[in-house]
Amino acid sequence: MAVDGRRDTRDKLIDLTRAQDHLPTPNPNPAAGARIPPRADNGKARLKKIGVVLGGVMVLALAALAGAAFWFGLEAEKTYQHMIERFSTGGAQVTTTRYERGWLASRAETVVRFPGVPFEITAAHDISHGPIPFARLPDGVGGLRPVQAAVKTRFSLAAKGQDERLKFLSSLPALDADITVDLDGAGRVRTELPPLTKPAAGGGRLEWRGLNGEITFDREWKRFKTEIHAPGLSFSAPPPAAGGGQDPGGRPAVRGIPGGVTFEQLAVRADLHEGVGGYLLGETTVTLDSISAGPLLRLQGLQFSSVARAAGNDINLELTYRLDALGLADQRHGPALLAVEVRRLDAAAIGKFEKEMNAIYRQGLPEEQASLMLMGKMLGLVGELSKKVPELEVTKLSVKTAMGEITGKAKIVLDGSKADIGENPMLVLTAVSGDMELIMPAGVLKPLLAPLIMQDIQAYRQGGRLTAEEIGRLDPETLARVVDQALPLYLSRHDLTKYLIHDNGQYRIVATLRQGQILVNNQPWRVRPAQFP
């Protein structure tokens with residue numbers, strides 16, 4: 001039994017030993033002790049392996065990112081060249097003077113020149129390649145959102161030639177713009193022009209309170225949304241010196257406007273897209289809170305809006321002008337509204353004219369020669385437009401004054417459907433027809449006619465037609481009543497009122513144009529020949 005027990009113990013020990021193949025090699029030095037040491041912890045080895053793997057992944061990621069940055073640099077250059085080509089189709093001459101493409105960033109410089117304009121615009125671009133524009137991250141541009149490129153552009157003005165009057169342009173602050181181009185080529189432009197206070201000649205001062213805005217565009221540069229805001233601009237001229245004087249150039253000094261000229265809160269909003277014939281369609285609104293010139297003149301709530309829509313292959317325009325109030329000394333007028341519609345403009349003809357006009361500008365011809373060529377192209381444009389019988393209509397004119405409301409309407413039609421005006425421009429005289437009506441209150445006419453009435457009353461007094469007693473009874477209220485009643489009798493005495501008709505307390509003028517003849521209140525309008533001494 002004892003032998004069997006030892007055998008069982010031996011077999012179990014052998015089995016246990018064979019089962020431990022994964023244990024580390026025993027200590028080869030038996031002298032160190034017969035006890036087999038426990039297996040060492042392998043956690044550090046595993047962390048080291050993970051670190052190696054992660055390091056490899058990061059190296060691969062950085063390599064891929066660097067390769068992507070190079071590829072995005074190529075795409076950014078394509079977008080830049082597309083932008084240059086796009087703007088070069090207009091009248092401006094857009095030239096790339098430098099483009100240095102790097103691995104993670106590029107630099108470029110563009111010069112924009114307009115024909116007939118004595119200055120040029122230089123744009124310096126710092127282009128950070130996507131997908132992550134590392135160079136712009138400290139500026140808060142791009143972030144971790146993948147983009148094609150992030151561009152820092154600085155616009156500056158410089159005079160052409162040596163015109164001393166334009167040397168100040170180089171001292172004006174530059175306009176900074178942050179341009180972000182998305183992966184699909186669309187993007188946005190954020191602009192900012194810092195405030196500026198600058199002394200003017202003769203002791204005046206120019207104060208510019210800055211500008212900021214944003215423009216978004218699609219990948220084809222065919223759709224734009226614009227938001228621009230300028231808080232204000234003011235110019236104060238020094239008061240005139242006693243007895244007049246001269247400016248530094250020896251010319252008579254210009255009298256300053258007391259209080260200066262101030263523009264408050266300019267805003268521009270536009271949503272435009274390229275439509276039929278390449279014409280930009282959409283809505284544009286320009287608002288200005290106020291314009292003031294000293295204490296005597298103040299305009300408030302100015303607004304201009306335009307809407308361009310396609311009608312088949314033609315374009316229709318709606319133009320609206322608004323003014324909330326006009327302050328003139330101690331008088332207040334307003335509001336005022338002018339609404340105009342232009343219909344059936346041939347988009348193809350307009351596009352053709354723009355291309356021809358830009359081609360003339362790009363030739364750099366002398367001003368006289370370019371003007372003659374443009375005149376010929378404009379006559380051709382009128383001929384092409386007339387074939388579609390375009391029309392311009394003043395749908396509403398309303399000017400409210402302290403003396404009453406002035407209203408009006410008008411419509412002009414150019415019908416060249418039966419005549420080739422392009423071949424014979426003189427046919428325009430018979431192709432144009434129109435109607436106009438203007439109605440105004442009596443109070444508007446008083447400043448024009450009251451002096452004539454008062455002059456006659458004094459003449460009648462001196463001639464004995466009116467006695468001193470009769471003149472003495474003309475208190476201000478009675479005299480005002482006499483002027484009101486006499487206004488219709490004096491319409492023919494003034495060049496601006498002789499065509500008016502008194503109609504139920506108001507004054508009206510109706511004009512028509514037919515076959516080159518103008519009728520005013522159904523009577524032929526004859527231009528009085530010039531009088532020479």
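The values are calculated or read from the model by the stated rules, or taken from the named source; none is laboratory data. These numbers come from a predicted model, not from an experiment. Here the Cβ is made from the backbone with ideal geometry for all residues, glycine too, and neighbour counts use every protein chain on show.
Would you pick out the residues in the stretch 275-293 that are closer than 15 Å to His229 by Cβ and of a type in the set (A, V, I, L, M, F, W, C)?
Val286, Leu288 - these are the residues of the stretch 275-293 that are closer than 15 Å to His229 by Cβ and of a type in the set (A, V, I, L, M, F, W, C).
Restricting the search to the stretch 367-400, which residues are hydroxyl-bearing (Ser, Thr, Tyr) and touching a residue at least 60 places away in the same chain (Cβ under 8 Å)?
The one that is hydroxyl-bearing (Ser, Thr, Tyr) and touching a residue at least 60 places away in the same chain (Cβ under 8 Å): Ser398.
Give the stretch 393-421 a look and list any residue that's within 16 Å of Leu345 (Cβ to Cβ) and surrounded by 17 or more Cβ atoms within 10 Å (Cβ to Cβ), or say none. Quick ask: steps written out before the conclusion?
Narrowing the stretch 393-421 to residues within 16 Å of Leu345 (Cβ to Cβ): 393, 411-417, 421.
Glu393, Val413, Leu414, Asp415, Gly416, Ile421, listed by residue number.
Out of (1) more than 23 Å from Pro118 (Cβ to Cβ); (2) modelled with pLDDT of 90 or more; (3) of a type outside the set (S, T, N, Q), the odd one out for Ala149 is which?
Going through the list (1) more than 23 Å from Pro118 (Cβ to Cβ); (2) modelled with pLDDT of 90 or more; (3) of a type outside the set (S, T, N, Q), Ala149 breaks only (2).
Can you give me the ranges of the helices (runs of 4 or more DSSP H) entirely in the stretch 401-510 with at least 3 residues that are under 26 Å from Leu328 (Cβ atoms) and without any contact (Cβ under 8 Å) to a residue 24 or more places away in the chain?
Where helices (runs of 4 or more DSSP H) fall fully within the stretch 401-510 and carry at least 3 residues being under 26 Å from Leu328 (Cβ atoms) and without any contact (Cβ under 8 Å) to a residue 24 or more places away in the chain, they are 442-462, 476-486.
Kindly list the number of the only condition in (1) over 22 Å from Glu318 (Cβ atoms); (2) in contact with a Ser or Thr (Cβ under 9 Å, 6 or more places away or on another chain); (3) buried (at least 17 other Cβ atoms within 10 Å of the Cβ) that fails for Gly380.
Looking at each condition in turn, Gly380 falls short on (2).
Hey, among Thr110, Thr79, which residue is surrounded by 14 or more Cβ atoms within 10 Å (Cβ to Cβ), under 28 Å from Leu365 (Cβ atoms) and either among the hydrophobic types (A, V, I, L, M, F, W, C) or modelled with pLDDT of 80 or more (or both)?
Exactly one of Thr110, Thr79 is surrounded by 14 or more Cβ atoms within 10 Å (Cβ to Cβ), under 28 Å from Leu365 (Cβ atoms) and either among the hydrophobic types (A, V, I, L, M, F, W, C) or modelled with pLDDT of 80 or more (or both), namely Thr110.
With Glu341, Glu367 as the choices, which residue is within 30 Å of Asn313 (Cα to Cα) and surrounded by fewer than 18 Cβ atoms within 10 Å (Cβ to Cβ)?
Glu341
Just the residues that are part of a loop (DSSP other than H, G, I, E, B) and closer than 22 Å to Ile406 by Cα, please, taken from the stretch 511-529.
Answer for the stretch 511-529, where residues must be part of a loop (DSSP other than H, G, I, E, B) and closer than 22 Å to Ile406 by Cα: Asn521, Asn522.
So, in the stretch 82-99, exactly how many residues are at pLDDT 85 or above and of a type in the set (Val, Ile, Thr)? Break it down into steps so the answer makes sense when it comes.
Of the residues in the stretch 82-99, the ones at pLDDT 85 or above are 94-99.
Checking the rest, the ones that are also of a type in the set (Val, Ile, Thr) come to 94-97.
So the count comes out to 4.
Quick check on Thr122: is it among the β-branched types (Val, Ile, Thr), at pLDDT 80 or above and under 21 Å from Gly187 (Cα atoms)?
It is false that Thr122 is among the β-branched types (Val, Ile, Thr), at pLDDT 80 or above and under 21 Å from Gly187 (Cα atoms).
So Ala311 ticks every box in (1) surrounded by 14 or more Cβ atoms within 10 Å (Cβ to Cβ); (2) closer than 28 Å to Val268 by Cβ; (3) hydrophobic (A, V, I, L, M, F, W, C) but one. Which box is left unticked?
Result: Ala311 fails condition (1) only.
State which residue is surrounded by the most Cβ atoms within 10 Å (Cβ to Cβ) when the search covers only the stretch 432-450 and only residues that are out of contact with any Ser or Thr (no Cβ under 6 Å at 6 or more places or on another chain) and modelled with pLDDT of 85 or more.
Looking at residues that are out of contact with any Ser or Thr (no Cβ under 6 Å at 6 or more places or on another chain) and modelled with pLDDT of 85 or more, I get Met440.
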